[in-house]
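Colleague: Here it is, the structure, as structure tokens.
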Amino acid sequence: MRAPTSQGFRNDALARALDGAVAGDARSLYELLARLGGLPGPRPNEGIILAFATECAARGAKADALVAKMARLDVDAAPGATKYEIIPICAVAALGARGTLEPTAMRVLATLHDCAEDLRYRVRDEVAKALARIGEQRGEPLVHDVSDWMDGFFHAAAVLEALANPKWLARIGSPDAVIARLDEAFVLARDAPRAAARYPGFKALLDGLAKAPVEAAARFGVPVFDLLERWSASKDPAMRGIVEKVTGSQKLAGRFATEVARVRAALAATEAPRRDPRTYVGPTRGRGR
């Protein structure tokens, strides 16, 4: 059987296996997804992921219990970097397709919230894609709905990655909620304990903070630069580094040159004075016995 590669793909075997799984026997479905999923490999098969999500969405509530169960398969049942990892990945994509419908959105978000801190990074990556897909349909309400995601590294990182999708941003009329989520992400990163620097979730959060404000600034302009100017006064080197990286984006350099210069000037004005190497004698406090 040839693996699907296009968005128009429809696989009769997939439809039959999915119907069997909805009826109570998921073995054929799991083996089919594992065979076509492209894992282990550099990337999962996007064709089969989309085909599965589309088939599940077409079945509506009938497939909801199955999809939720698949999304929550642990690493023992679907180990990372094996062919079975495609199973929760497909389920998360199906949640994204289902979540575009208003009556199911909040229930879907609860499951996606759990999946956002999955041990398997490909599953986490799919959560951000699912959020973006829901955002393309629901627009601004989803920005409010994910406010409770902003207290965890991986959860906030997923929101930021999704907000970096211009198609979702285009459906948002007011910048206020977006600014609030970005500000909460900055606070989460600033207040993280020093040991968090070793956490993959913290790194994902910083990566998201360097990406989402660029797209948000391209969409909303001045309000985002106001936020960046405020954070340029932070004494935390990581926060200042993020502001510097965002304002260094070529996407903002031409159209927003004046605003970029304003934030850069604020960074320079609040920069701590450099130690003169000719006079600095190093720390003088005793450090124990």
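Colleague: Give Phe154, Phe202 a once-over and let me know the one that is assigned to a helix (DSSP H, G or I), closer than 26 Å to Leu228 by Cβ and either free of Cβ contacts under 8 Å to residues at least 24 places away in the same chain or open to solvent by less than 40 Å² (accessible area, probe 1.4 Å) (or both). Spell out the reasoning first.
Modeller: Details: Phe154 fails: either free of Cβ contacts under 8 Å to residues at least 24 places away in the same chain or open to solvent by less than 40 Å² (accessible area, probe 1.4 Å) (or both).
Within the list Phe154, Phe202, the selection yields Phe202.
Colleague: Does segment 230-266 hold any residues that are of a type outside the set (Gly, Ala, Ser), surrounded by fewer than 19 Cβ atoms within 10 Å (Cβ to Cβ) and touching a helix residue (DSSP H, G or I) at 6+ places or on another chain (Cβ under 8 Å), and which are they? Step through it out loud before you land on a result.
Modeller: Taking segment 230-266 as the starting set, the residues that turn out to be of a type outside the set (Gly, Ala, Ser) are 230-231, 235-237, 239-240, 242-247, 250-252, 255-256, 258-260, 262-264.
From what is left, the residues that are surrounded by fewer than 19 Cβ atoms within 10 Å (Cβ to Cβ) are 230, 235-237, 240, 244-245, 250-251, 255, 258, 262, 264.
Asp236, Arg240, Glu244, Lys245, Lys251, Arg255, Arg262, Arg264 - these are the residues of segment 230-266 that are of a type outside the set (Gly, Ala, Ser), surrounded by fewer than 19 Cβ atoms within 10 Å (Cβ to Cβ) and touching a helix residue (DSSP H, G or I) at 6+ places or on another chain (Cβ under 8 Å).
Colleague: Picking from Val67, Val92, which residue would you name as being closer than 23 Å to Arg16 by Cβ and touching an Asp or Glu at 6+ places or on another chain (Cβ under 7 Å)?
Modeller: Numbers: Val67 fails: touching an Asp or Glu at 6+ places or on another chain (Cβ under 7 Å).
Among Val67, Val92, only Val92 is closer than 23 Å to Arg16 by Cβ and touching an Asp or Glu at 6+ places or on another chain (Cβ under 7 Å).
Colleague: Right, next: Which is surrounded by 20 or more Cβ atoms within 10 Å (Cβ to Cβ), of a type outside the set (Asp, Glu), modelled with pLDDT under 95 and under 28 Å from Trp168 (Cβ atoms), of Gly60, Gly99, Gly8?
Modeller: Values: Gly60 fails: surrounded by 20 or more Cβ atoms within 10 Å (Cβ to Cβ); Gly8 fails: surrounded by 20 or more Cβ atoms within 10 Å (Cβ to Cβ).
Exactly one of Gly60, Gly99, Gly8 is surrounded by 20 or more Cβ atoms within 10 Å (Cβ to Cβ), of a type outside the set (Asp, Glu), modelled with pLDDT under 95 and under 28 Å from Trp168 (Cβ atoms), namely Gly99.
Colleague: Give Arg27, Arg35, Arg72 a once-over and let me know the one that is without any contact (Cβ under 8 Å) to a residue 12 or more places away in the chain, touching a helix residue (DSSP H, G or I) at 6+ places or on another chain (Cβ under 9 Å) and either acidic (Asp, Glu) or under 18 Å from Glu85 (Cβ atoms) (or both). Explain how you work it out, then say what you get.
Modeller: Values: Arg35 fails: without any contact (Cβ under 8 Å) to a residue 12 or more places away in the chain; Arg72 fails: without any contact (Cβ under 8 Å) to a residue 12 or more places away in the chain.
When all the criteria are applied, what remains is Arg27.
Colleague: Exactly one of (1) open to solvent by less than 10 Å² (accessible area, probe 1.4 Å); (2) of a type in the set (D, E, K, R); (3) closer than 21 Å to Arg181 by Cα is unmet by Glu85. Its number?
Modeller: Result: Glu85 passes all but (3).
Colleague: Report, by residue number, each residue of segment 174-199 that is within 18 Å of Leu227 (Cβ to Cβ) and in a loop (DSSP other than H, G, I, E, B). Give the derivation first.
Modeller: Of the residues in segment 174-199, the ones within 18 Å of Leu227 (Cβ to Cβ) are 174-191.
Across segment 174-199, the qualifying residues are Ser174, Pro175, Asp191.
Colleague: Here are Glu126, Glu117: which of them is out of contact with any Asp or Glu (no Cβ under 7 Å at 6 or more places or on another chain), among the acidic types (Asp, Glu) and buried (at least 19 other Cβ atoms within 10 Å of the Cβ)? Before the answer, list the steps.
Modeller: Values: Glu117 fails: buried (at least 19 other Cβ atoms within 10 Å of the Cβ).
Being out of contact with any Asp or Glu (no Cβ under 7 Å at 6 or more places or on another chain), among the acidic types (Asp, Glu) and buried (at least 19 other Cβ atoms within 10 Å of the Cβ) holds for just one of Glu126, Glu117, which is Glu126.
Colleague: Using the structure shown, decide if Ala218 is open to solvent by 30 Å² or more (accessible area, probe 1.4 Å), at pLDDT 95 or above and in contact with a Lys or Arg (Cβ under 9 Å, 6 or more places away or on another chain). Break it down into steps so the answer makes sense when it comes.
Modeller: On the way: open to solvent by 30 Å² or more (accessible area, probe 1.4 Å): no; at pLDDT 95 or above: yes; in contact with a Lys or Arg (Cβ under 9 Å, 6 or more places away or on another chain): yes.
When the stated conditions are applied, Ala218 does not pass them.
The values are calculated or read from the model by the stated rules, or taken from the named source; none is laboratory data. Given the structure is predicted, the values throughout are model-derived calculations rather than measurements. When we count neighbours, we look across all protein chains shown, and the Cβ atoms used for this are built from the backbone with ideal geometry, even at glycine. Just so you know, the surface numbers come from the protein's heavy atoms only, side chains and all, with ligands and any DNA or RNA stripped out. Shrake-Rupley method; radii C 1.70, N 1.55, O 1.52, S 1.80 Å.
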